[in-house]
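All remarks here apply to the structure that follows.
The values are calculated or read from the model by the stated rules, or taken from the named source; none is laboratory data. Because the structure is predicted, anything quoted here is derived from the model rather than measured. Here the Cβ is made from the backbone with ideal geometry for all residues, glycine too, and neighbour counts use every protein chain on show. The protein model used for the area step is the full one, side chains on, heavy atoms only, and it has no ligands, DNA or RNA in it. Shrake-Rupley method; radii C 1.70, N 1.55, O 1.52, S 1.80 Å.
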Amino acid sequence: MPIKNAALTAGVRTVRGEPTITATGLEGGPIYALGPELRSGHGLEIDLQPDLDADALAARLVDRRRPKDSVSTWLRKGGLSPVDVALLRDTTGNRLPTEATAVADLAKAVPIPVEGLAPIDRAISTAGGVALDAIDDTGMLLDRPGTWVAGEMVAWDAPTGGYLIQACLSTGHRAGVAAARWAAEHP
Ligand SMILES: Cc1cc2nc3c(=O)[nH]c(=O)nc-3n(C[C@H](O)[C@H](O)[C@H](O)COP(=O)(O)OP(=O)(O)OC[C@H]3O[C@@H](n4cnc5c(N)ncnc54)[C@H](O)[C@@H]3O)c2cc1C
């Protein structure tokens, strides 16, 4: 289930987007974007209402509260989706605060414990690889002239969204052109 229109913060970085709740955790664009921060051990906070500050959200919750409504109905009327409410329930061990200001403060910074990253067979891209200072500007290994590396073999940490394939193709092309030239010069 996607968490619509959220802002996610890890360390000093905040990204907007739609993380998806899966059976094993969170994934999706904003999670990938925060990969370096999450990898280095920062916790994650989700702002479920990034277009309102906590005071405005609390005021809206107060305004939309009706005595007969359940807490879930009240929060949904206050602009939180069923997925948002489920996340708040999960975070609080099913003890949702009943004060509008407490709900607003929580919804603005839902703490998500980070237990780890998914294994490499689920990875879209990987950090690590051959260090940039171990290759020349065509991707040839300085310690092993005549051998090139490209794409994910190189240690770069690119943003997702088309840049990975572009960088793999570009570094592959660059390596291929250089290798052809090198082969002609070293018959
Ligand atoms: C699910 C998923 C979605 C993605 N979506 C996007 C996207 O939307 N946009 C984007 O830009 N990027 C996306 N990526 C990332 C992108 O696909 C990779 O960064 C890119 O394909 C890596 O290219 P590469 O040539 O470096 O490595 P690979 O494509 O992994 O190529 C390595 C090749 O080497 C072969 N190989 C391995 N070992 C040996 C061996 N010993 N001998 C011979 N061959 C070997 C492998 O079989 C493989 O064919 C996605 C990745 C995944 C997994």
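Do we find that TRP182 is more than 29 Å from the chain's Cα centre (by Cα), within 15 Å of the ligand (Cβ to nearest atom) and not aliphatic (A, V, I, L, M) in this structure? No. Among the residues making up region 154-184, those that are open to solvent by 50 Å² or more (accessible area, probe 1.4 Å) and at pLDDT 95 or above are LEU169, SER170, HIS173, ARG174, VAL177, ALA180, ARG181, TRP182, ALA183, ALA184. Can you confirm whether ILE135 is within 16 Å of the ligand (Cβ to nearest atom) and open to solvent by less than 30 Å² (accessible area, probe 1.4 Å)? Judged against the criteria, ILE135 is a match.
Give the residue, chosen from LEU80, LEU87, LEU38, LEU75, that is touching a helix residue (DSSP H, G or I) at 6+ places or on another chain (Cβ under 6 Å) and not β-branched (Val, Ile, Thr). Break it down stepwise before answering.
On the way: LEU80 fails: touching a helix residue (DSSP H, G or I) at 6+ places or on another chain (Cβ under 6 Å); LEU87 fails: touching a helix residue (DSSP H, G or I) at 6+ places or on another chain (Cβ under 6 Å); LEU38 fails: touching a helix residue (DSSP H, G or I) at 6+ places or on another chain (Cβ under 6 Å).
Every option except LEU75 fails the conditions.
Test ASP69 against the stated conditions and say whether it is more than 16 Å from the ligand (Cβ to nearest atom), without any contact (Cβ under 8 Å) to a residue 24 or more places away in the chain, over 24 Å from ALA10 (Cα atoms) and in the same structural domain as ALA179 (by TED's automatic domain parsing). So ASP69 fails the test. State whether one or more residues within region 54-66 are within 19 Å of ILE3 (Cα to Cα), surrounded by 14 or more Cβ atoms within 10 Å (Cβ to Cβ) and at pLDDT below 95. The answer is no, given that none of the residues of region 54-66 is within 19 Å of ILE3 (Cα to Cα), surrounded by 14 or more Cβ atoms within 10 Å (Cβ to Cβ) and at pLDDT below 95. Give me the pairs: first residue in region 23-39 and under 11 Å from ILE124 (Cβ atoms), second residue open to solvent by less than 20 Å² (accessible area, probe 1.4 Å) and modelled with pLDDT of 90 or more, beta-carbon distance under 9 Å, and six or more apart or on different chains, which are they? Short answer, once both residue conditions are applied: GLU27/PRO19; GLY28/ILE3; GLY28/PRO19; GLY29/PRO19; ILE31/LEU8; ILE31/PRO19; ILE31/LEU38; ILE31/LEU44.
Being at pLDDT below 95 and closer than 30 Å to LEU52 by Cβ is a property that holds for PRO113. Can you confirm whether ARG39 is under 30 Å from VAL154 (Cα atoms), open to solvent by 30 Å² or more (accessible area, probe 1.4 Å) and not assigned by TED's automatic domain parsing to the domain that holds ALA167? It is true that ARG39 is under 30 Å from VAL154 (Cα atoms), open to solvent by 30 Å² or more (accessible area, probe 1.4 Å) and not assigned by TED's automatic domain parsing to the domain that holds ALA167. Looking at region 115-130, can you tell me whether even one residue there is surrounded by fewer than 16 Cβ atoms within 10 Å (Cβ to Cβ), more than 16 Å from the ligand (Cβ to nearest atom) and within 28 Å of the chain's Cα centre (by Cα)? The answer is yes, given that some residue of region 115-130 is surrounded by fewer than 16 Cβ atoms within 10 Å (Cβ to Cβ), more than 16 Å from the ligand (Cβ to nearest atom) and within 28 Å of the chain's Cα centre (by Cα). Please tell me if VAL103 is under 30 Å from ASP53 (Cβ atoms), out of contact with any Ser or Thr (no Cβ under 6 Å at 6 or more places or on another chain), assigned by TED's automatic domain parsing to the domain that holds ARG66 and modelled with pLDDT of 95 or more. Yes, satisfied.
Taking first residues from region 106-123 that are in the same structural domain as PRO50 (by TED's automatic domain parsing) and partners that are part of a loop (DSSP other than H, G, I, E, B) and charged (D, E, K, R), the Cβ contacts under 9 Å between residues at least 6 apart in sequence or on separate chains come to LYS108/ASP53. Of the residues making up region 138-153, those that are in contact with a helix residue (DSSP H, G or I) (Cβ under 8 Å, 6 or more places away or on another chain) and near the ligand (Cβ under 8 Å from one of its atoms) are ALA150, GLY151, GLU152.
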